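**Q** Could you have a look at this structure, given as structure tokens, before my questions?
The values are calculated or read from the model by the stated rules, or taken from the named source; none is laboratory data. Predicted model only: the values in this text are computed from it and were never measured. Methodologically, a virtual Cβ is constructed for each residue, glycine included, from the backbone with ideal geometry; neighbour enumeration extends over all protein chains shown.
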Amino acid sequence: MFTRTTLRTFRTSRSHVTRAFSASATPIAAASNSRLINATLFAAAGVAAAVLAGASSSSASTTTARCDAAATAADPPVYGRPGTNQERTFIAVKPDGVQRGLIGDIIARFEKRGYKLVGLKMVWPTLHMAEEHYADLRKKPFYPGLTKFFSSGPIVCMCWEGKDAIKQGRQMLGETQPLASKPGSIRGDYSIDLGRNICHGSDSPEGAEHELTMWFPEGVSNWAKTVDSHVYE
Ligand code: RTP
Ligand code: MG
């Protein structure tokens, strides 16, 4: 079952990315064709990741992804429903976090906290995608260096769902400045320098909407978590 599910996703990931990006932003579509998505999708069997690299199947354009096929009118939009238990946030492991082998730890923290993982993939962003992601910081002097670094290697893109996911996600990350980050937070445990602070998290519902729409144009998996009655009263 695991193999069948991941294979289906693999076959469809490329066409989804192409289609979805071309529907939203032309420059990203152009960029995505050059270097995007070594399509690494992880199946959430703990943190054991099934790495499916380099989508090359010629059947890519014909299959429908599970998340699309199963979507119903009752499903929330990709950016969730802020203020409810279906609030969603975009969490990313930045290139430094990937290089330092922290993907599993970061996923585990959110999982153990009780949040639901509804979207997960590895993407090597183009510079243009990094600029789009950090568009609100365009005028900052550190913007060129930030976007260059953010596009210097693969990142892990995640969509986490749950009550207060945006604010709680930021707390779990820690402060922007590692020196101000408390031990126990991701940045407080693993980072020293401002420009190598391991992870990203949406800072507002508007930010989450922008980021989740951008990074998950193909949609996410709207699955029901059967233990939610043991997470929420
Ligand atoms: P992020 O967006 O990556 O989650 O970080 P953040 O909200 O905590 O901080 P933000 O203000 O959005 O800045 C984005 C990233 O830019 C780097 N930065 N450098 N040199 C500087 O003054 C400076 N300020 C911020 C950090 O890596 C920060 O995470
Ligand atoms: Mg930010």
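**Q** Quick one: in the stretch 137-159, of everything that is within 16 Å of ligand 2 (Cβ to nearest atom) and in contact with a strand residue (DSSP E or B) (Cβ under 7 Å, 6 or more places away or on another chain), which residue is farthest from Glu87 (Cα to Cα)?
**A** Ile155
**Q** Kindly check whether there is at least one residue in the stretch 212-224 that is surrounded by 15 or more Cβ atoms within 10 Å (Cβ to Cβ), more than 16 Å from Cys159 (Cβ to Cβ) and polar (S, T, N, Q).
**A** no
**Q** Return the residue satisfying two criteria in turn: it lies in the stretch 196-210 and is outside any loop (DSSP other than H, G, I, E, B) and near ligand 1 (Cβ under 9 Å from one of its atoms), and of such residues it is nearest to Phe142 (Cα to Cα).
**A** That would be Arg196.
**Q** Using beta carbons and a limit of 6 Å, which pairs, at least six apart or on different chains, have the first residue in the stretch 192-206 and over 28 Å from Lys163 (Cα atoms) and the second one loosely packed, with under 14 Cβ neighbours inside 10 Å?
**A** Cβ pairs passing all conditions: Leu194/Gln177.
**Q** Could you look through the stretch 198-214, keep only residues that are more than 27 Å from Gly101 (Cβ to Cβ) and either among the polar types (S, T, N, Q) or at pLDDT below 95 (or both), and pick out the one that is farthest from ligand 2 (Cβ to nearest atom)?
**A** The residue in question is Thr213.
**Q** Out of (1) within 16 Å of ligand 2 (Cβ to nearest atom); (2) surrounded by 20 or more Cβ atoms within 10 Å (Cβ to Cβ), what's the single condition that is false for Tyr134?
**A** Result: Tyr134 passes all but (2).
**Q** A follow-up question, please. From the list Arg81, Arg113, Arg100, which residue is over 25 Å from Asp228 (Cβ atoms), among the basic types (Lys, Arg) and more than 16 Å from ligand 2 (Cβ to nearest atom)?
**A** Checking each option against the conditions leaves just Arg100.
**Q** Report, by residue number, each residue of the stretch 116-125 that is away from ligand 2 (no atom under 16 Å from the Cβ) and under 13 Å from Trp215 (Cβ atoms). Can you show your working first?
**A** In the first step, residues of the stretch 116-125 are kept if they are away from ligand 2 (no atom under 16 Å from the Cβ); the result is 116-124.
Once the filter is applied, which keeps residues that are away from ligand 2 (no atom under 16 Å from the Cβ) and under 13 Å from Trp215 (Cβ atoms), the stretch 116-125 yields Val118, Gly119, Leu120, Lys121, Met122, Val123, Trp124.
**Q** Among Val227, Val220, which is at pLDDT below 95 and away from ligand 2 (no atom under 16 Å from the Cβ)?
**A** That would be Val227, the only listed residue that is at pLDDT below 95 and away from ligand 2 (no atom under 16 Å from the Cβ).
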